[in-house]
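The values are calculated or read from the model by the stated rules, or taken from the named source; none is laboratory data. On a predicted model such as this, the values are computed, not experimentally measured, just so you know. FYI the Cβ positions are ideal-geometry reconstructions off the backbone, even for glycines, and counts take in every protein chain you see. These accessible areas exclude ligands, DNA and RNA; they are computed on the full protein's heavy atoms, side chains included. Shrake-Rupley method; radii C 1.70, N 1.55, O 1.52, S 1.80 Å.
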Amino acid sequence: MALEFTTVIGLEIHIQLNTKTKIFCGCSTDYIGAVPNSHVCPVCTGQPGALPVLNKKVVEYGVRGGMALHCKINKLTRFDRKNYFYADLPKAYQITEYYVPIAEGGYLTITGDDGKPHRIGITRLHLEEDAGKLVHGAADGRIVGSVQSFVDYNRGGVPLAEVVSEPDITSPREAREYVSAMRQLVRYLGISDGDMEKGSMRVDANISQKVSDGRWGNRVEVKNMNSLKALERALEYETLRQRDLLTRGETIAQETRNWDDADGITTPSRSKEESNDYRYFPEPDLPPLLLDDEYIEHIRATMPELPDAKRERFLSQYGLPYEDVLVLTETPELANYYESVVKAECNPVRASNWIRTDVMRVLKEQNQDITSAPIAPDVLAQLIRLVDDKKISTTAAKDVFEKIVQNKITLEEAIKVCGVQIGAVEGDKLAGIISAVANANQDVVEVIRSGQDKKDKKLKFLMGLVMKESRGQAKPDEVLKALSEFFSKN
Amino acid sequence: MELYRLSASEIVNGVKTGAFTCTDVVKSCLGRIKEKEGDIHAMLYVAEDAAIKRAAEIDAEIAEGRDPGPLAGVPVIVKDNICTADMPTTCASRILEDWVPPYDATVVIALKNAGAVIIGKANCDEFAMGGSTEHSAYGPTMNPWDYTCVPGGSSGGSAAAVAAGYAPLALGSDTGGSIRQPAAFCGIYGMKPTYGQVSRYGLVAFASSLDQIGPFARSSEDMRLIMSVLCGFDPHDSTSENRTVPNFCKNDSVLKGKKIGVLTKLVEGKLSPDLQASMDAQIDNCRKLGAEIVEVSLPKALEYGMACYYILAPAEASSNLARYDGVRYGMAYKDAHSLLDLYVKTRAAGFGPEVKRRILTGTYVLSSGFYDAYYLTAQKVRKVIKQEFAQAFTQVDAILLPASPTPAFKLGAMSSPLEMYMADVFTIPVNLAGLPGISYNTGFNSEGLPLGMQLIGPRWSDAMLLEMAATLGKDSEGKIAEGGVR
Amino acid sequence: MPRLSKEEVLKVGKLARLDIAPEELDSLSAHFNDILDYFSKLEELDLSDVDPFTMEDSQPIRLREDEVVPYDNREAILDQSPSRDGDFIRVPKIGGDK
């Protein structure tokens, strides 16, 4: 009797909101690469007597996030204190929303393993402050071997939105989809970079296994997954580990495990503190947050176009296949770029092809993102129009494109440099090219003239040269015709 | 008359008209401190050099024809739990020994901008927890009227300093009566403003939802002066309310036609005879001044206020004091072998017994499984008490009640923490309800100890309350106003 | 009303990161139990209809503009630390305690 398993995953995502200042003080949030402890003040270093004051942009971003996740926005919310001791926590408490989050009861739609859309429930989205950073003294930077650590409070107080999902995720792949969709959403909203590697998006997972014989293994918390790939790998590993234990009749320890990306395993975590009694109580330094209907409606009315809406619109407006739409709407910046090209009078399908192949290839080569567009939208549009109007060939256009993106020159300059002929090469232009080719290859011409060109080998050779010179702008049958005219005259 | 005996308003006047200089006044106060400190021990820090320097600056401004402000030239003493950027702020604790804050409290900036000269920091109960100043880690303060008695607490040092003539004005803080009770014990005015009236930014937090900074003074005119400087919205303090600063101006007939609430039945038998007599006399006084006396009832406030307070205040304190861990400021245990070791040893060595008791109580009532039974219950009781006061204030304009059941008691008299707690029964409910309260002197008992009364008003009635106290306290003011104790 | 055993008092001490010396334990336990007894008074009240978190008597939270306000005294903050190490604050070994 083989056992069957169902994986149950819930995810907690901490999203750093990219406001200019911290959640409770006016210090800058631009801490990456900054001198340690340079973006600090009495409030975010927990000096005696200092008090928090809430950043209005943080509230706005929290509401936007909640709305985009189809949550109910709570009009009356409070902040609470989560009390614990740790070196990166200057007040020995974190100000968070425990009892009443700003948003709750929503969902995020992803593509399930069965290819169908799945709604993953969102339990809540709440606002809180980030902790400082610790640098550990050991040579490998790990806490285990360190006899001392160093605290940098620059990150302390940076605003976070914590999004907690229902345990509706059923596989590591779905988990990756969910996080990917969340990342896309926050980028579309403009509230966060959503970058796991940079730490502006941090994911913790809770994973357990339901067994067909009625058992349900304990939940394990998995932390320290610093990329989408690591997330998927970690959960795949953990799934196997748990199923293996359950198959052998053992129990799963309810614990926190850290993902070790180098070794590809999860290991039990040394807990930060023995007891997790956070003694939550309402933050007395902050009165309740009251959002009125007018405010909420204003936020709703000024929401940017979200990924699914944009995808729907692209499908109907531009007649593109779904896979192409997915690529073009990956980020709002790319989608905007695409639409700029189309707006500059360019065929939508052509624009899609060029962007998805050539533009994105160049971005990858140059390690840039679309915000530093290698070719301006109107220039790309112009180039594509030339091909559409049959003024230049596709191959010629690709050459011109390369010149523009590598050398950062204008379209006109690139055309000149490539020696491209605008318009079809025919008539006098063609005759001119044939003359030039003939002059440069007189020995070949002689062979043809003397009638010794068996099987038209030399003629084909000349034709090849002429075609090359024409940059593909000449039609082959026209070239043949012109060549025979040339030989008949001369 | 020695300059230190002058009131703040007299100093401002004299300094601005050139009758004397600010430097003269400051030197006189510093001299008075030297004279009396050996007996009283009200100060934890005397900023002698800085004060003289600042006084010279004030004098220069005046000489140039500029106006330093409404408190021009006035020496002020600040309780040592209020942050001063250029002076140590220890909260009378070892754990903050020698700590100099990196910023000034908003009220300190306000005083400086008004032209005041801060001459030092006053002793208090450690982290403002106590009712006698006996819990200071640096030794108690003595009552200037009787050195064998306490000056009250927790702002005992500030009250004693003003009563002894160290300065005409001082700042204290009041969480459960810590301004009103020492004011009564030392025979001067002391006011706790409405919660949200005065900024808490820079007040080292004890119980955030109960703390307020307030002034001590020997004269009502001085109280008006300093309240005008202290009150006002502060964007750094989210609990300070954005409303116009009250207009503190003299009004002799404030009591005419007003209704004054009394709780004669509820306090019967609870007061020492001298205070009982004093209260009765004040009731008569109110009538003479045109007020109607109305018996009001605050049974829940008086019966349950203490239990409610001693759950909520320690709970908030346990969280507010968790930051004292030897890492960023203050004392640090030197040979810690780990972070945990640093925490537990620093805090064990740095905190005194009363602070430890409250941190532990507070931690317990918030802990898992007990939140509903204690903290949430106490919050509900607090609501009930607020409603009880609100109901009373539909019948009366202010309530008259002693600040304490007895006058100043002897040092060492309280045999247990709980006994000390019980003495706050008349002041605590006022903090729970966020109301303003003021103490004023009503005379002295046969042992020469001051007797004081308290007036409580609805929220934002600070100006009216001050005038009532001024009118009722006018006669006593004479004896105290001239520099207090001889 | 439940009384606290000495072990439970020590546990509270751990939660508060406060080492309790043996000589303090007796008086602390006694105080704890006195005060918890005193708290039981509140059970006399019927609080079933009371919502402690309504807002009638105060203003809601005020919000701050999202503009950087530079703080110019960072040195003072770092200097006050007992264990400043250049731009950092040093703490001893984290974890590993029994």
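Within the set A:T302, A:T251, the sole residue that is surrounded by fewer than 16 Cβ atoms within 10 Å (Cβ to Cβ) and at pLDDT 95 or above turns out to be A:T302. Kindly establish whether B:F444 is in contact with a Gly (Cβ under 8 Å, 6 or more places away or on another chain), surrounded by fewer than 22 Cβ atoms within 10 Å (Cβ to Cβ) and not polar (S, T, N, Q). Answer is yes for this residue.
Whether any residue in the range A:53-65 is open to solvent by 10 Å² or more (accessible area, probe 1.4 Å), assigned to a loop (DSSP other than H, G, I, E, B) and at the interface with chain C (Cβ under 10 Å from one of its Cβ atoms) is what I want to check. Taking every residue of the range A:53-65 in turn, at least one turns out to be open to solvent by 10 Å² or more (accessible area, probe 1.4 Å), assigned to a loop (DSSP other than H, G, I, E, B) and at the interface with chain C (Cβ under 10 Å from one of its Cβ atoms).
Looking at the range B:233-244, is at least one residue among the basic types (K, R), in contact with a strand residue (DSSP E or B) (Cβ under 9 Å, 6 or more places away or on another chain) and either within 16 Å of B:M464 (Cβ to Cβ) or open to solvent by 40 Å² or more (accessible area, probe 1.4 Å) (or both)?
Pass one, the range B:233-244, residues among the basic types (K, R): B:243.
So of that shortlist, the ones also in contact with a strand residue (DSSP E or B) (Cβ under 9 Å, 6 or more places away or on another chain) come out as none.
No.
Each residue in the range A:380-402 was checked for being surrounded by 19 or more Cβ atoms within 10 Å (Cβ to Cβ) and over 14 Å from A:Q473 (Cβ atoms), and 5 pass. Cβ contacts < 9 Å: first residue within 9 Å of chain B (Cβ to nearest Cβ) and aromatic (F, W, Y), restricted to the range C:70-96; second residue open to solvent by 30 Å² or more (accessible area, probe 1.4 Å) and in a loop (DSSP other than H, G, I, E, B), any location; separation 6+ or different chain. Result? Qualifying pairs under 9 Å: C:Y71/A:H39. Summed over the range A:443-484, residues that are open to solvent by 90 Å² or more (accessible area, probe 1.4 Å) and within 23 Å of A:S393 (Cβ to Cβ) total 7. Of all the residues in the range A:151-165, those that are in contact with a Gly (Cβ under 6 Å, 6 or more places away or on another chain) and buried (at least 24 other Cβ atoms within 10 Å of the Cβ) number 5.
Scanning the range B:254-287 for residues that are outside any helix (DSSP H, G or I) and open to solvent by 40 Å² or more (accessible area, probe 1.4 Å) yields B:K256, B:G257, B:K258, B:K259, B:E268, B:G269, B:K270.
For the range B:72-83, the condition holds for no residue, the condition being that it is open to solvent by 10 Å² or more (accessible area, probe 1.4 Å) and in contact (Cβ under 8 Å) with a residue 40 or more places away in the chain. Look at the range A:404-435 and say how many of its residues are over 19 Å from A:P476 (Cα atoms), out of contact with any helix residue (DSSP H, G or I) (no Cβ under 9 Å at 6 or more places or on another chain) and outside any loop (DSSP other than H, G, I, E, B). Looking only at that region, the number is 2. For A:D308, are the conditions met, namely being under 30 Å from A:Y84 (Cβ atoms), open to solvent by 60 Å² or more (accessible area, probe 1.4 Å) and away from chain B (no Cβ under 14 Å)? Spelling it out, it is not the case that A:D308 is under 30 Å from A:Y84 (Cβ atoms), open to solvent by 60 Å² or more (accessible area, probe 1.4 Å) and away from chain B (no Cβ under 14 Å). Open to solvent by 10 Å² or more (accessible area, probe 1.4 Å) and in a loop (DSSP other than H, G, I, E, B): does that describe B:Y166? No, not satisfied.
Return the residues of the range B:187-244 that are within 11 Å of chain A (Cβ to nearest Cβ) and among the polar types (S, T, N, Q); say none if nothing qualifies. Lay out the reasoning, then the answer.
Start the filter on the range B:187-244 by keeping residues that are within 11 Å of chain A (Cβ to nearest Cβ), which leaves B:195-196, B:199-211, B:213, B:234-241.
Once the filter is applied, which keeps residues that are within 11 Å of chain A (Cβ to nearest Cβ) and among the polar types (S, T, N, Q), the range B:187-244 yields B:S199, B:S208, B:S209, B:S238, B:T239, B:S240.
Take the range B:37-61 and flag every residue that is touching a helix residue (DSSP H, G or I) at 6+ places or on another chain (Cβ under 7 Å) and open to solvent by 60 Å² or more (accessible area, probe 1.4 Å). Of everything in the range B:37-61, just one residue is touching a helix residue (DSSP H, G or I) at 6+ places or on another chain (Cβ under 7 Å) and open to solvent by 60 Å² or more (accessible area, probe 1.4 Å), namely B:E48.
Scanning the range A:201-239 for residues that are among the polar types (S, T, N, Q) and open to solvent by 10 Å² or more (accessible area, probe 1.4 Å) gives A:N206, A:S212, A:N218, A:N224, A:N226, A:S227, A:T239. Among residues of the range B:414-426 that are under 19 Å from B:G452 (Cα atoms) and within 10 Å of another protein chain (Cβ to nearest Cβ), none has a beta-carbon under 7 Å from a residue that is open to solvent by less than 50 Å² (accessible area, probe 1.4 Å) and polar (S, T, N, Q) at least six positions away or on a different chain.
Provide a single number: the residues in the range A:28-42 that are open to solvent by 10 Å² or more (accessible area, probe 1.4 Å) and either under 18 Å from C:D79 (Cβ atoms) or in contact with a helix residue (DSSP H, G or I) (Cβ under 8 Å, 6 or more places away or on another chain) (or both). Spell out how you get there, then give the answer.
Initial filter on the range A:28-42 (open to solvent by 10 Å² or more (accessible area, probe 1.4 Å)): A:28-36, A:38-39, A:41.
Narrowing further to those that are either under 18 Å from C:D79 (Cβ atoms) or in contact with a helix residue (DSSP H, G or I) (Cβ under 8 Å, 6 or more places away or on another chain) (or both): A:31, A:34-36, A:38-39, A:41.
So the answer is 7.
Only one of the numbered conditions (1) within 30 Å of A:M360 (Cα to Cα); (2) open to solvent by less than 40 Å² (accessible area, probe 1.4 Å) is not met by A:A438, and that is (1).
Across the range B:342-375, what is the number of residues that are more than 7 Å from chain C (Cβ to nearest Cβ) and part of a helix (DSSP H, G or I)? Spell out the reasoning first.
Initial filter on the range B:342-375 (more than 7 Å from chain C (Cβ to nearest Cβ)): B:346, B:349-355, B:358, B:362, B:365-366, B:368-373, B:375.
From the residues that got through so far, the ones that are part of a helix (DSSP H, G or I) too are B:346, B:349-350, B:353-355, B:358, B:362, B:365-366, B:372-373, B:375.
Here the count works out to 13.
Quick one: count up the residues across the range C:19-69 that are within 11 Å of chain A (Cβ to nearest Cβ) and crowded, with 17+ Cβ neighbours inside 10 Å. Counting residues in the range C:19-69 that are within 11 Å of chain A (Cβ to nearest Cβ) and crowded, with 17+ Cβ neighbours inside 10 Å gives 5.
Please work out if A:L76 is in contact with a strand residue (DSSP E or B) (Cβ under 7 Å, 6 or more places away or on another chain) and more than 14 Å from chain B (Cβ to nearest Cβ). Break it down stepwise before answering.
Numbers: in contact with a strand residue (DSSP E or B) (Cβ under 7 Å, 6 or more places away or on another chain): yes; more than 14 Å from chain B (Cβ to nearest Cβ): yes.
Yes: the conditions hold for A:L76.
When the residues of the range B:376-431 are filtered to those that are hydroxyl-bearing (S, T, Y) and in a loop (DSSP other than H, G, I, E, B), which remaining residue is surrounded by the most Cβ atoms within 10 Å (Cβ to Cβ)? Outline the logic, then answer.
Of the range B:376-431, the ones hydroxyl-bearing (S, T, Y) are B:377, B:394, B:404, B:406, B:415-416, B:421, B:427.
So of that shortlist, the ones also in a loop (DSSP other than H, G, I, E, B) come out as B:394, B:404, B:406, B:415-416, B:427.
Details: B:T394: 8, B:S404: 27, B:T406: 19, B:S415: 8, B:S416: 12, B:T427: 29.
Filtering first and then ranking leaves B:T427.
Each residue in the range A:109-145 was checked for being buried (at least 17 other Cβ atoms within 10 Å of the Cβ), of a type in the set (A, V, I, L, M) and free of Cβ contacts under 8 Å to residues at least 60 places away in the same chain, and 4 pass.
Kindly evaluate A:G106 against the criterion of being at pLDDT 95 or above, buried (at least 22 other Cβ atoms within 10 Å of the Cβ), away from every other protein chain (no Cβ under 14 Å) and over 24 Å from A:V8 (Cα atoms). It would help to see each step written out before you state the result.
Values: at pLDDT 95 or above: yes; buried (at least 22 other Cβ atoms within 10 Å of the Cβ): yes; away from every other protein chain (no Cβ under 14 Å): yes; over 24 Å from A:V8 (Cα atoms): no.
Judged against the criteria, A:G106 is not a match.
Restricting attention to the range B:92-112, the residues that are at pLDDT below 95 and buried (at least 22 other Cβ atoms within 10 Å of the Cβ) add up to 0.
This table checks each residue for (1) modelled with pLDDT under 95; (2) small (G, A, S); (3) over 30 Å from C:G13 (Cβ atoms).
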position: B:T264; (1), (2), (3): yes, no, yes
position: B:A277; (1), (2), (3): no, yes, yes
position: B:V296; (1), (2), (3): no, no, yes
position: B:P314; (1), (2), (3): no, no, no
position: B:S318; (1), (2), (3): no, yes, no
position: B:R323; (1), (2), (3): no, no, no
position: B:T346; (1), (2), (3): no, no, no
position: B:K356; (1), (2), (3): no, no, no
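Would it be correct to say that B:Y329 is within 14 Å of chain A (Cβ to nearest Cβ), touching a helix residue (DSSP H, G or I) at 6+ places or on another chain (Cβ under 9 Å) and of a type in the set (F, W, Y)? Yes.
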